[in-house]
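Enquirer: Starting off with a structure, shown below.
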Amino acid sequence: MAALISVIPILLLFVLMMGFKVAGWKSALTTLIVTIILAVFVAPSLGIIPAKYVDASIWGVTLWSVIEGCLKACFPIILIIICAIFSYNILCETKEIETIKTQFIQLTSDKGLLVLLLTWGFGGVLEGMAGFGTAVAIPAAILIGLGFKPMFSAVICLVANTVAVGFGAVGLPATTLANEVFNGSAPHEMLCEVSTFIIIQLALMFFITPFFILMMTDKTKIMKNISLALFVGCFSIITQFCCAHFLGPETPAILGSCASIVAMLIYNKLFIKNESTDDEVQVKKVHFGASKTFKAWSVYGFIIFFILISSKIVPPINTALKSTAVSSFIYPVLGNKFSFGWLSNAGLMIFLGAMIGGLIQGMTFKRLFLLLCKTAVNLQKTAITICCLVALASLMNNTGMTLAIATGLVTLTGKAFPFIAPLIGSIGTFVTGSATSANILFGKLQADAASQLGLINDSTFFGVSGNETNWLAAANCAGSEGGKLLSPQSIAIATAACNMEGQDGEIMRKTMPFAIFWVIMNGLVVYLGLTVF
């Protein structure tokens, strides 16, 4: 009974968004209100309130849980989102995005390699920098501009925008997951461990996804597609593993995608023998000098620079930033700690890089701040949605609802739960449209399920040591990336970018097989990691 009642908020979110097509912010707000009612009037009678809150006022627990969630949403999640979209808007405002587009178009005469460059390489960089649809919208628009069909462009960009999602927007989904598991601010070593596990669980997809992209583009060159997918996949996974293991979740998608672009350029130089450009691809050769290239890439270049120097790569700077201008306090009633570094967060690094890049590209401080304000206003509904979802997750955690659901799922599935763990993450992304939101909703649930199954010990997974709870929690993030393929929000972005209004269902039918394959593959890897390897 406790599990059935506790799952009502999640089911309600499903019904409102999928059944009644209610806007995301309205669905999240409505669900939060219903959850507050359940927490105050129903949860105490179910006996699921955590022991440390049994003697506390349920009104106090509820109020401070909502406040805790809203603060966690604003600092740093919403801050990162606003700054990330702001960086992209600068490129659109200055028209330098056109230079970036043209440079990619001129890199190769091979159609398959060009598509892989735009979707897997450049799309991965966009996902790592900004996320939230940019990795689908921009490459899809470029592909259509090159002469590819809108349906092909939409589907292939959705397929490509999977592996990088867990580390999108400067590692926001993975960071959020770790913080949910650790009830606040996860230590750096735990961030690295969770990030490393995500990479391991996605290892096969680093090779399979590029191969699928190449086969969807050109089925006649099977051996070339296999060799190119293996070549690019090796560069990607080695770089992302090292970034995740040693630096944390901020850089794997960014640097891993940059490494894949380098791999593709090397492959193009060594093995693509000046083939004539395919008739489907319209290319007009334009020469760009070093200054023009620097100007066009200055926004992303400075963002990468600031992220890297503030990371563990430069320990003195990293330590100084993390120990300066830090706000922290203990939430009344809850006893949980809020901590936020004003100088060490990724949002500030994106903001600084975007501002400097914008100035180099010819914008004034006034235009930049006006654009920032416009970006923030345009994202107000997104901010409401995320605040409500994080508050919902915080409230469900603190009132024992998440633990009750985990107990119910473990009872139903038993030792087979690790196999369905990625599916839960996929469902979260399908409903919310965001891997970050999916990790907010279900990250703690995965950790609670691990505890129910007794998966709390240190172990070795495919040769890498770590904690079993973190392994299972990472499955939520790995699975959430597959949910992007079917998410109505992601498909809506693709239809908008490709001018395909009303064809959402057709796109979903085409991405469904890959999404099913993704969930099954992830489930097997997670299960085998716990039981065999």
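Enquirer: Please arrange Ser434, Ser490, Ser328 by how many other C-beta atoms lie within 10 Å of their C-beta, fewest to most.
Expert: Least to most surrounded, the residues fall as Ser328, Ser490, Ser434.
Enquirer: Moving on to the next point. With axes computed from alpha carbons, what is the tilt in degrees of helix 417-432 against the longest principal axis of the chain, rounded to the nearest 10 within 0 to 90?
Expert: Here the helix axis deviates by roughly 70 degrees.
Enquirer: Rounded to the nearest 20 debye, what is the charge dipole size of the chain about its Cα centre when +1 sits on each Lys and Arg Cβ and -1 on each Asp and Glu Cβ? Walk me through the numbers before you get to the answer.
Expert: Values: 29 positive and 23 negative charges, 181 e Å.
Computed charge dipole of the chain: roughly 860 debye.
Enquirer: Fully extended, how many nm does the chain gain between Leu12 and Ser323 (0.36 nm per residue separation, minus their Cα-Cα distance)? List each step's numbers first, then the result.
Expert: Values: separation 311, 0.36 × 311 = 111.96 nm, distance 4.20 nm.
Answer, rounded to one decimal: 107.8 nm.
Enquirer: Could you please state, rounded to a whole Å, how far the C-alpha centre of the stretch 23-81 is from the C-alpha centre of the stretch 129-176?
Expert: Between the Cα centre of the stretch 23-81 and that of the stretch 129-176, the gap is 32 Å.
Enquirer: Say the dipole of the stretch 308-460 comes from +1 at the beta carbon of Lys and Arg and -1 at that of Asp and Glu; which of Ala325, Ala416, Pro315 then lies farthest toward its positive end?
Expert: My answer, from the dipole projection, is Ala325.
Enquirer: Okay, moving on. Once fully extended, how much extra length lies between Arg509 and Ile266, figured as 0.36 nm per residue of separation less the alpha-carbon to alpha-carbon distance? Each step should come with its number before you reach the end.
Expert: Working: separation 243, 0.36 × 243 = 87.48 nm, distance 3.54 nm.
Extra length available between Arg509 and Ile266 comes to 83.9 nm.
Enquirer: Convex hull over the alpha-carbon atoms of the chain: what's its volume per residue in Å³?
Expert: On the way: hull volume 76.1 nm³, N = 533.
Dividing the Cα hull volume of the chain by its residues yields 143 Å³.
Enquirer: Using only the alpha carbons of the stretch 140-220, determine the length spanned along each of the three principal axes and report them from longest to shortest in whole angstroms.
Expert: 48, 24, 13
Enquirer: So which lysines pass the test for Lys95, namely a Cα distance under 25 Å, with those fewer than 8 places away in the same chain ruled out?
Expert: Here the lysines satisfying the reach criterion relative to Lys95 are Lys149, Lys284, Lys285, Lys292, Lys295, Lys366, Lys374.
Enquirer: May I ask you to derive the FRET efficiency for Phe462 and Phe246 from their Cβ-Cβ distance with R0 = 22 Å, giving the value to the nearest 0.05? Walk me through the intermediate numbers first.
Expert: Numbers: r = 18 Å, r/R0 = 0.81.
The calculated FRET efficiency here is 0.80.
Enquirer: Where q = 0.17 Å⁻¹, what log10 of I(q)/I(0) comes from the Debye formula for the stretch 332-438, counting one point per Cα?
Expert: At q = 0.17 Å⁻¹ the computed log10 ratios are -1.04.
Enquirer: How much FRET efficiency would the formula 1/(1 + (r/R0)^6) give for Gln452 and Phe288, where r is the Cβ-Cβ distance and R0 is 56 Å, rounded to 0.05? Show your work: numbers first, answer last.
Expert: Values: r = 57 Å, r/R0 = 1.02.
Calculated value: 0.45.
Enquirer: With axes computed from alpha carbons, what is the tilt in degrees of helix 168-181 against the longest principal axis of the chain, rounded to the nearest 10 within 0 to 90?
Expert: 20
Enquirer: Which listed residue (Val66, Ser87, Ser153) has the Cα farthest towards the positive end of the charge dipole for the stretch 64-161, taking +1 on Lys and Arg C-beta and -1 on Asp and Glu C-beta about the Cα centre?
Expert: With unit charges placed on the Cβ atoms, the residue in question is Ser153.
Enquirer: Right, here's the next one. Rounded to the nearest whole Å³, what is the per residue volume of the convex hull around the Cα atoms of the stretch 1-93? Could the numbers behind the result be given before it?
Expert: On the way: hull volume 11.3 nm³, N = 93.
It is 122 Å³ per residue.
Enquirer: Hey, another quick one. Quick one: compute a quarter of the convex hull surface over the Cα atoms of the stretch 359-413 and quote it in nm². Before the final figure, lay out each step's value.
Expert: Numbers: hull surface 26.8 nm².
Mean projected area of the Cα convex hull: 6.7 nm².
Enquirer: List, largest first, the extents of the alpha carbons of the stretch 284-399 along their principal axes, each in whole Å.
Expert: Computed over the Cα atoms, the extents are 62, 38, 29 Å.
Enquirer: Could you name the lysines in cross-link range of Lys21, using Cα to Cα under 20 Å and dropping any fewer than eight places away on the same chain?
Expert: Reachable lysines: Lys381, Lys484.
Enquirer: Compute the angle between helix 58-72 and the longest alpha-carbon principal axis of the chain, please, reported from 0 to 90 degrees and rounded to the nearest 10.
Expert: Once rounded, the angle reads 20 degrees.
Enquirer: Which Cα, out of Pro76, Gly425, Val15, lies furthest along the positive dipole direction of the chain (beta carbon charges, K/R +1, D/E -1)?
Expert: After comparing all options, I get Pro76.
Enquirer: Which of Ile491, Ile5 has the fewest other C-beta atoms within 10 Å, and how do the rest follow up to the most?
Expert: Least to most surrounded, the residues fall as Ile5, Ile491.
No lab work stands behind these numbers, since they all come straight from the coordinates. From a predicted model like this one, the values you see are computed outputs, not experimental measurements. A quick note on method: Cβ atoms are made from the backbone with ideal geometry, for glycine too, and the neighbour counts reach across all protein chains shown.
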